[in-house]
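Structure first, then comments.
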Amino acid sequence: VQLVESGGGLVQAGGSLRLSCAASGSTFSINAMGWYRQAPGKQRELVAAIASGGGSTNYADSVKGRFTISRDNAKNTMYLQMNSLKPEDTAVYYCNAGAGLDDYWGQGTQVTVSS
């Protein structure tokens, strides 16, 4: 499984961005997926996760009500709609996919929110 993120960039506080994660390879084996982020000097943290069918989601408390995770299995793509962005959301955002006993990661996309 290969994962490629896109959609990061520089945005002012209060703005929005939409991240995408395109999966390829053995996509039939993918179960849950999620978005993680890592800010400089901090540990990688879970931002949001979504079950294989898309019916179950969960979010970090810090993004609840502002971010929305979704997936389109027909397109093998997962999304993260980020609204009301704050400077503390600045980080590299990573796509993650679980497939059986394996765990896959994308290369990351930078999100920078200016105040």
Going by the structure shown, is residue 101 exposed (fewer than 14 other Cβ atoms within 10 Å of the Cβ) and either under 11 Å from the mean Cα position of the chain (by Cα) or at pLDDT below 95 (or both)? yes
Entirely in the stretch 1-92, the strands (runs of 3 or more DSSP E) that have 1 or more residues that are of a type in the set (D, E, K, R): 2-6, 17-24, 30-38, 45-50, 67-72
So, first residue open to solvent by 40 Å² or more (accessible area, probe 1.4 Å) in the stretch 62-84, second residue among the basic types (Lys, Arg), Cβ within less than 6 Å, six or more apart or across chains; the pairs are 81/18; 83/66; 84/66
Go through (1) closer than 18 Å to residue 93 by Cβ; (2) over 11 Å from the mean Cα position of the chain (by Cα) one by one and return the number of the condition residue 24 breaks. (1)
Would you check if there is a residue in the stretch 59-68 being within 18 Å of residue 14 (Cβ to Cβ), touching a helix residue (DSSP H, G or I) at 6+ places or on another chain (Cβ under 8 Å) and among the hydroxyl-bearing types (Ser, Thr, Tyr)? yes
Limited to the stretch 19-35, what total is found for residues that are at pLDDT 95 or above and open to solvent by 60 Å² or more (accessible area, probe 1.4 Å)? 0
All but one of (1) closer than 21 Å to residue 22 by Cβ; (2) over 12 Å from the mean Cα position of the chain (by Cα) hold for residue 85; state the number of the condition that does not hold. (1)
Being touching a helix residue (DSSP H, G or I) at 6+ places or on another chain (Cβ under 9 Å) and open to solvent by 50 Å² or more (accessible area, probe 1.4 Å), is that true of even one residue in the stretch 42-53? no
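The values are calculated or read from the model by the stated rules, or taken from the named source; none is laboratory data. Keep in mind the model is a prediction, meaning the values are calculated, not measured. Please note: Cβ atoms are built from the backbone with ideal geometry, for glycine as well, and neighbour counts cover all protein chains shown. To get the accessible areas, we keep the full protein, side chains included, count just its heavy atoms, and leave off ligands, DNA and RNA. Shrake-Rupley method; radii C 1.70, N 1.55, O 1.52, S 1.80 Å.
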